[in-house]
Amino acid sequence: MAKIPSLEIALNMSCNKLSGEIPAEFTELDKLGILDLSYNQLIGDLRYLANLQNLVVLNVSHNNLSGRVPETPFFSKLPLSVLAGNPKLCFSGNQCAGSNDKGMKHATAARVAMVVLLCTACALLLAALYIILGSKKRRHGTHECDVDGDTDIEMGPPWEVTLYQKLDLSIEDVARSLTAGNILGRGRSGIVYMVTLPSGSTVAVKRFKTMDKFSAAAFSSEIATLARIRHRNIVRLLGWGANRKTKLLFYDYMSNGTLGALLHEGSIVGLVEWETRFKIALGVAEGLAYLHHDCVPPILHRDVKAHNILLGDRYEACLADFGLARLVEDDQGSFSATPQFAGSYGYIAPEYACMLKITEKSDVYSYGVVLLEIITGKKPVDPSFAEGQHVIQWVREQLKSKKDPVEILDPKLQGHPDTQIQEMLQALGISLLCTSNRAEDRPTMKDVAALLREIRHEPANGSEAHKPTTKSTKTTEYSSSSESVTVTPAQLLLLQGSSNCSLANYSSSSASIASKNQ
């Protein structure tokens, strides 16, 4: 155990029939955040766990531990449930179990009496609150927290809370902020609120719909996915809380809202600059590349869209809403007659309609639609389009009409320098590769991130850029071969004459166009 002091997320050794004392080597795990040793046969005391400064979750229940529980702030806040099943453990201010049977019986009786009195008082208080709130609801038609028609909200105890980061948070503080005035956004599974903690810090809290099977599945999926991954372009899960009916997730607060809202619903002062839009596009690509290529097994997001991309203070992009996420190994078998439908209207890959197997390339398609939104400023199904037309069809028709391809760009971007216009048009070509009709014709997200970096010759996260797995590296030569090259993606699409474009076609066509312009 001393050989892995850098272990910093979680260590779960529960239900392993472990025996003996907790080894002294555990003191070396000073970066560990979660430790579960429950349901074993461990003996001895807890002294070697007292100095784990970064520990936020501990469970040593149902062992044969003895001695005194360390008198530290962390241990003093632990719920009794994580220490239960160790009758010889001594608690601060009380005798050890078994040392004085008579005294313990009196203490136990006193505790029981106290619990009964407290329960009675709480029941009376809750009944009074129910009557008061019920009368207020009848007068005003709805409860302050009942902002989505979910009338079965329960914020009372008992609560189970797990925090993955050190956070000064209480359910009481969260409950006070779950009001209509603090709503940041709504989704199919619930509502996201802005919550300011007593410390002054701000978090985002997602409250899931109460009586909804999809919401329950989404809650479990987000915890299972986000608790095991870390990336700067994926929203950080701070913890979760749940009682009998209400389920909450705690995230980092992203002050600039969603990409969808900034592009289509409100002020886009920060998105006038191409630099900002390019940064967002590359950040999302790198987040998806991490899920697809660096996680084992790979993770499919399955609901990539502009409203699921959050933006921080400096417009750094973070993927959010993993309620539909699935591990690739979960989908190894063929689909049943009625597979679970995933995704949002306008972003769904063609293979869903054909009942084909869903892979990472389905996320690539959705990303391509988002990239088109960033470049054109249009919604996937924009009010300005003809009835039934999609942004992909609109862009391809604009290119085939031989109009100036610059007219495809968002009007707010059209006055930028020529060098940036060329970057936009090259990104447009990448977006059309991503939205190819056939999944096998789309690049991987690792290739997409590399192609975007090559537009500006940027390294991959401070190191040598990843080279795409096909011949697409020729695009670098193409983009820098001649300063007079213009509207290259439009020419690329005209040469292809088809939506079934592959990464290799992109490279070879690019090289051909570059030679014609020299």
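Quick rundown of the values:
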{"quantity": "Calculated FRET efficiency for the pair His457/Leu167, C-beta based, R₀ 51 Å, to 0.05", "calculated": "0.80"}
{"quantity": "Gyration tensor verdict on the stretch 156-253 (Cα atoms; rounded if a/c is under 1.5, prolate if a/b is larger than b/c, oblate otherwise)", "calculated": "rounded"}
{"quantity": "Across Lys209/Lys357; Lys378/Lys412; Lys279/Lys361; Lys206/Lys279, pairs whose alpha-carbon gap is larger than 20 Å", "calculated": "Lys209/Lys357; Lys279/Lys361; Lys206/Lys279"}
{"quantity": "Cα-Cα over 19 Å, subset of Lys31/Lys166; Lys77/Lys166; Lys17/Lys77", "calculated": "Lys17/Lys77"}
{"quantity": "Whole-angstrom Cα spans of the stretch 9-90 along principal axes, big to small", "calculated": "27, 24, 21"}
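All of the numbers you see were taken from the coordinates with simple rules; none came from a lab. Values in this document were obtained by computation on a predicted structure and should not be read as measured data. FYI the Cβ positions are ideal-geometry reconstructions off the backbone, even for glycines, and counts take in every protein chain you see.
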